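The values are calculated or read from the model by the stated rules, or taken from the named source; none is laboratory data. No experiment lies behind these values; they were computed from the predicted model shown. Cβ atoms come from the backbone with ideal geometry, glycine included; neighbour counts cover every protein chain shown. The accessibility values were calculated without ligands, DNA or RNA, using every heavy atom of the protein model including side chains. Shrake-Rupley method; radii C 1.70, N 1.55, O 1.52, S 1.80 Å.
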Amino acid sequence: MIDFKKELNSEQYEIVKQGDGYVLVLAGAGSGKTRVITYRVAYLLEKSIVPSAILLLTFTNKAAKEMLTRVEKLMGEKVKGLWSGTFHSVASRVLRMEARAIGFEKNFTIMDQDDAEVLLKHCLQEEGLDTKSKKTPAASTLLSMVSYARNTELPLDEAIELKYPRFMSFTDALKSVSERYKREKRRANVMDFDDLLTYWLELLEDHETIRNKWAEQFKYILVDEFQDTNKLQAKIVRLLADIHKNLLVVGDDAQSIYSFRAADIHNILNFPKEFAGAKTFKLETNYRSSPEILFLANDVIAQNKKQFKKTLKAHHASNVKPHVTVHMTPAQEAQYIVQKVARSASAGRPLASMAALFRGAFSARALEMELVKNNIPYEFRGGMRFFDRAHIKDVLGFLRIISNHKDRMAWLRVLPLQPGIGHETARALVERIMAHGDLEAVLQAILHEPLPARARTGWENMMSIIQEMKKKGDHPSGFIEGIAQSAYADYLKDTFENYEDRVGDLEQLAQFASHAKSTKDFLDSATLDDAYGSKDKAGNTRDRLILSTIHQAKGLEWDTVFVINLVNGAFPNERALSEAGGEEEERRLFYVAVTRAQRELFLTYTMLDARDPSIVHQASQFLQELHPSLVKKTDDTVMDGNGQWNDDVPTMVIDEDVQVPFEEESVSASRAATPKKRKGFLREIDEL
């Protein structure tokens, strides 16, 4: 027998014992929600509820397996028959049994995203749309449109207007494509990922006998991360719980951050209204973070109006206050973080116990460069590492050709980017290139050899890029600047919607390359796996610093967390602020970021823009909202790029009432006036 009262805190115990009926559990960050769910399931099994009468719905298969493993450990035996899994995996099991009721065969195939995009591309072509035109939405984009519309239950034209306004002129055509896509799937007896939810809901809404069968079977339904459910998922659990009326949902409205995936925060906010007599419990004891971090987190989320009020209380002992640091440039922000990480690592702290979090992947550019420069391995989550991005690999390909004209793979990468040169032509050209002694001979010889007209145009394009590179001198930074001003920049503009961000990446790469002694030295530092890779020479996983988007970091924790690029426009995101409820979701995202930290939290931002130093950033409104007593204020703006004090640079501090640049005469009022004392001040901070 499990001693529930002994193994749970009072908050958790009450939920496990009183979990019958409609129950909303508001589980604050780090409060042990998984523990509550697993003990509740174990409690039901001890009360002789048969496993097949329990449905446990999660958002990842990993979470479902972890919970089932914990339940079996508690019970001391295998638990057979319990329905546990993601909404989509459970939907698949149900639909296999009931497929014929909705016009499918039981052996239907579930398409992955690649298959769905192939079918959509076919439908685009069948509807007469030019799939090669840059103005026509790509199949992947159309799949996102259709998915968002279905999961929000919006008509496709409204979803396009809301999320993809640039494609509104295609609305009628895309509606036709969507209908064709639906018909083609049914004809082929296939479903995509979204069909699993759509058809499960259709079964329950339109087939009373089937609905009653499943609602009768599932006597107890438990749902994890309820704040992340969409409209379809909320309707499904409501219908399934309609007979026994035992529905326990666990979630945290303060961590609802996935509206872009169609998650609807109103599912959790309206739960007490939707389910008459629902009981509400709160888990507010946090087992993750220090009191100082939780004081800040509580202060952050208190600014939101649409929420259930909760106050996180720390289980751990007191520690240092979170730090707010301001730097002149992103490069200096990166240097600061790398110094902190290096000191902690040298003191014996694992790199994997530290993480740098950011709103968007672009915010990590400078930090990635600094990590590579200092040979600190890192793992990038929620996007692609800087040096793995296609346009960066393209540029490195051009530089490899300059460095070694017999680099076959480099030629095979960059030649097909040129107009009129396909992969077969590229391979033929490479064989000719290998016959010549140096790059200059190659360029001239190929131009005078017989070439098809289109291939000749492409080769001339290639020559123009190399000529632009050479105009900028004989250094990798100059070569990269040349590429950014060459026909390759035109290729980026014609090919990618976010070409400006990609050109910005090239500018960042050029800045990084400016420190290299030579092109070969730069290529070595940029391409050697052991400079920043995830594995050592023996193939073992290395200890790595974590770089992650905040969305990807939800549910995780680290001893030390840096939240970077906290400036208005970037975080909160300017586009998100223009959407209904956007400001509160951005604040919830900030709340998620700060509650990932266990012991130390650093909130950083820069004064100047990386691409345009004339642009002066404003500290994020979320920093400005913080009560000044909650943070330790330091600033690095009076240090030059070598870490030395520069008294000619005006500083910025976060004051008691306002966050604004101060005149130089005001600096002495906020910290010691002499450089010697300033160094001592920073030394004290570094030792905390």
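Brief remarks on what is shown
- Each Lys or Arg adds one and each Asp or Glu takes one away; over the other residues whose Cβ falls under 10 Å from the Cβ of Thr60, this sums to -1.
- Under 17 Å from the Thr131 label point (7 Å along Cα→beta-carbon), backbone N, the stretch 140-164: 140-146
- Among the protein heavy atoms, those of Val594 account for about 0 Å² of accessible surface (1.4 Å probe, every chain in place).
- Where only DSSP H runs of four or more residues are counted, the chain gives -14500 deg cm²/dmol as its mean residue ellipticity at 222 nm, each run worth -39500 (n - 2.57).
- Apportionment of accessible area to carbon and sulfur, the chain, percent (1.4 Å): 49
- Which labelled figure in (i) 28.3, 98; (ii) 26.0, 91; (iii) 28.7, 87 is Rg and Dmax of the Cα atoms in Å, once derived from the coordinates: (iii)
- Computed E for Glu507/His122 - FRET, C-beta separation, R0 51 angstrom, nearest 0.05: 0.85
- Summing Cβ point charges (Lys, Arg +1; Asp, Glu -1) relative to the Cα centre of the chain gives a dipole of roughly 2100 debye.
- Separation of the Arg261 and Glu574 label points, Cα + 7 Å toward Cβ, nm: 2.8
- Largest accessible area first, the listed residues Phe59, Phe295 line up as Phe295, Phe59 when surface is computed with a 1.4 Å probe on the assembled protein chains.
- Relative contact order, percent, the chain [alpha-carbon distance under 8 Å, six or more residues apart]: 15
- Most positive-pole-ward Cα, Leu439, Gly504, Ile483, against dipole of the stretch 394-510 from beta carbon charges: Leu439
- Of Lys235/Lys273; Lys219/Lys305; Lys163/Lys231; Lys313/Lys340; Lys33/Lys279; Lys65/Lys309, those spanning more than 24 Å from alpha-carbon to alpha-carbon: Lys219/Lys305; Lys313/Lys340; Lys65/Lys309
- In a fully extended conformation the segment linking Met97 and Arg187 would gain 30.5 nm over its present Cα-Cα distance, using 0.36 nm per residue.
- Relative contact order of the stretch 417-517, defined on C-alpha pairs under 8 angstrom at six or more residues apart (%): 23
- Taking 26 Å as the straight-line reach from the Cα of Lys470, the lysines in range (excluding those fewer than 8 positions away in the same chain) are Lys373, Lys393, Lys406, Lys493, Lys517, Lys520.
- The residues of the stretch 539-607 expose, per residue, 30 Å² of accessible area to a 1.4 Å probe.
- Relative to the Cα centre, the charge distribution of the stretch 48-151, modelled as +1 at Lys and Arg Cβ and -1 at Asp and Glu Cβ, gives a dipole magnitude of about 360 debye.
- Farthest positive-ward along the stretch 330-477 dipole, Cα basis, beta-carbon charges - from Leu417, Ser346, Met384: Ser346
- Calculated FRET value between Asn107 and Met75, using beta carbons and R₀ = 45 Å, to 0.05: 0.80
- By the rule of a C-alpha distance below 14 Å, with chain neighbours fewer than 8 residues away ignored, the aspartates and glutamates paired with Lys6 are Glu14.
- Global geometry of the stretch 162-272, whether rounded, prolate or oblate, following the gyration tensor of its Cα atoms and the 1.5 cut on a/c: oblate
- Neighbourhood net charge (13 Å Cβ-Cβ; Lys/Arg +1, Asp/Glu -1) for Thr285: +3
- Positive-pole candidate from Tyr148, Ala597, Gly76, dipole of the chain, charges at beta carbon: Gly76
- For the cross-link pairs Lys5/Lys554; Lys213/Lys245; Lys62/Lys185; Lys17/Lys73, the ones whose C-alpha atoms lie over 24 Å apart are Lys5/Lys554; Lys62/Lys185.
- Three-way shape call for the stretch 222-379 based on the alpha-carbon gyration tensor, with the a/c threshold at 1.5: prolate
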